[in-house]
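> Quick one: structure below, then a few questions.
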Amino acid sequence: MEITTSIPAILFVAAYFCGSIPFGLLLGKLLGATDVRKTGSGNIGATNVARSVGLSAGILTLLLDAAKGGAPVWLARHYFPGHAAFQILAGLGALVGHCFPVWLKFRGGKGVATAAGVFLILCWPAALGALLVFALIVGFWRYVSLASISAAAAMPLLIYFLWAPHYAPPLAVSLGTLAGAILIIYKHDANLQRLVEGTEPKFSLSKTPTAPEEKNAE
């Protein structure tokens, strides 16, 4: 496909609308007749869907949120092979769409599953490394928010060292990965505050919040 100056903008906007599909909200209403924004943490992500609607709905939300992050990157790679900058741009578009969807007055999720989909396509070894970081922290401390923040913070380094044998990633990929990590950490600002205060709830599949502090948890 011929590359024109409008391609980056088109890629970003198309990826944004793909990422803005609120699968957690849609599945909550479809499978549990529940508006997940009004239950549990109020978040449309997989963790709150699992807590509010059920584990199967949470897993499906996780897969769909990851798919809407990975699909734009895959398409960018398919149509513009060799242009890693276009791939990370598409990934960032999907991530921004999930975090700030126009359909929900720009109040979306925290981007973890969508980012996982982005990096599984962009650089799967780095994505698996981040998943290992996530799993270890959830396994030891049961804080999904802390695991998400840690995995996001580790991603720029993982991308740098695991991009390809003996090759660093293009500068656009490094900067885009850093931007994505900063966005995810920013979306966890309230969680960070509660972690410092010791009031952040640990992960549970209970459909009934155990404390008022669970509002806005991951």
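> Tell me, please, whether a residue that is open to solvent by 30 Å² or more (accessible area, probe 1.4 Å), out of contact with any Ser or Thr (no Cβ under 7 Å at 6 or more places or on another chain) and polar (S, T, N, Q) can be found in the stretch 42-54.
Looking for residues that are open to solvent by 30 Å² or more (accessible area, probe 1.4 Å), out of contact with any Ser or Thr (no Cβ under 7 Å at 6 or more places or on another chain) and polar (S, T, N, Q), one finds none in the stretch 42-54, hence no.
> What residue, of Ile3, Ile59, is modelled with pLDDT under 95, β-branched (Val, Ile, Thr) and out of contact with any Gly (no Cβ under 8 Å at 6 or more places or on another chain)?
On inspection, the qualifying residue turns out to be Ile3.
> Where the second residue is assigned to a helix (DSSP H, G or I) and among the hydroxyl-bearing types (Ser, Thr, Tyr) and the first is more than 16 Å from Phe203 (Cβ to Cβ) and lies in the stretch 126-137, which pairs have Cβ atoms under 9 Å and are six or more apart or on separate chains?
Every condition considered, the pairs that remain are Ala126/Tyr160; Ala126/Thr177; Ala130/Ser150.
> Please verify whether Leu162 is touching a Gly at 6+ places or on another chain (Cβ under 8 Å), open to solvent by 50 Å² or more (accessible area, probe 1.4 Å), modelled with pLDDT of 95 or more and farther than 21 Å from Arg37 by Cβ, treating the condition exactly as stated.
So Leu162 passes the test.
> Here's another thing I want to ask about it. Looking for whichever is more than 16 Å from Leu183 (Cβ to Cβ), small (Gly, Ala, Ser) and crowded, with 21+ Cβ neighbours inside 10 Å here; the options are Ala66, Ala90, Ala94. Which one fits?
Ala66
> Turning to a different aspect of this structure: Please verify whether the stretch 184-194 includes one or more residues that are touching a residue at least 12 places away in the same chain (Cβ under 8 Å), surrounded by 21 or more Cβ atoms within 10 Å (Cβ to Cβ), over 19 Å from Ile59 (Cβ atoms) and touching a Ser or Thr at 6+ places or on another chain (Cβ under 6 Å).
There is at least one residue in the stretch 184-194 that is touching a residue at least 12 places away in the same chain (Cβ under 8 Å), surrounded by 21 or more Cβ atoms within 10 Å (Cβ to Cβ), over 19 Å from Ile59 (Cβ atoms) and touching a Ser or Thr at 6+ places or on another chain (Cβ under 6 Å).
> Could you list, ordered by first residue, the pairs with Cβ atoms under 7 Å in which the first is in the stretch 15-29 and free of Cβ contacts under 8 Å to residues at least 40 places away in the same chain and the second is open to solvent by less than 50 Å² (accessible area, probe 1.4 Å) and among the hydroxyl-bearing types (Ser, Thr, Tyr), at least 6 apart or interchain?
Pairs found: Leu27/Thr61; Gly28/Thr34; Gly28/Ser52.
> Still on this structure, please answer the following. Could you say whether any residue in the stretch 53-61 is assigned to a helix (DSSP H, G or I), closer than 23 Å to Thr177 by Cβ and under 15 Å from the mean Cα position of the chain (by Cα)?
No, every residue in the stretch 53-61 fails to be assigned to a helix (DSSP H, G or I), closer than 23 Å to Thr177 by Cβ and under 15 Å from the mean Cα position of the chain (by Cα).
The rows are residues; the columns are (1) of a type in the set (Asp, Glu); (2) open to solvent by 20 Å² or more (accessible area, probe 1.4 Å); (3) not in a helix (DSSP H, G or I).
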residue	(1), (2), (3)
Arg107	no, yes, yes
Ala115	no, no, no
Leu128	no, yes, no
Leu131	no, yes, no
Ala135	no, yes, no
Gly139	no, yes, no
Ser145	no, no, no
Ser150	no, yes, no
Pro156	no, yes, no
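> Which residues, counting only those in the stretch 177-205, are in a helix (DSSP H, G or I), under 24 Å from Gly139 (Cβ atoms) and among the aliphatic types (A, V, I, L, M)?
Answer for the stretch 177-205, where residues must be in a helix (DSSP H, G or I), under 24 Å from Gly139 (Cβ atoms) and among the aliphatic types (A, V, I, L, M): Ala181, Ile184, Ile185, Ala190, Leu192, Leu195, Val196.
> Shifting gears a bit: Would you mention how many residues in the stretch 23-41 are crowded, with 20+ Cβ neighbours inside 10 Å and under 20 Å from the mean Cα position of the chain (by Cα)?
8
> Does any residue in the stretch 96-124 that is under 15 Å from Ala15 (Cβ atoms) come within less than 7 Å, Cβ to Cβ, of a residue that is open to solvent by 40 Å² or more (accessible area, probe 1.4 Å) and not in a helix (DSSP H, G or I) six or more places away or on a different chain, and which pairs are these?
Once the first residue is under 15 Å from Ala15 (Cβ atoms) and sits in the stretch 96-124, its partners that are open to solvent by 40 Å² or more (accessible area, probe 1.4 Å) and not in a helix (DSSP H, G or I) give Phe100/Phe106; Gly108/Phe100.
The values are calculated or read from the model by the stated rules, or taken from the named source; none is laboratory data. Remember, predicted model here, so these are calculated numbers, not experimental data. Glycine also receives a Cβ, built like all others from the backbone with ideal geometry; neighbour counts cover every protein chain displayed. The accessibility values were calculated without ligands, DNA or RNA, using every heavy atom of the protein model including side chains. Shrake-Rupley method; radii C 1.70, N 1.55, O 1.52, S 1.80 Å.
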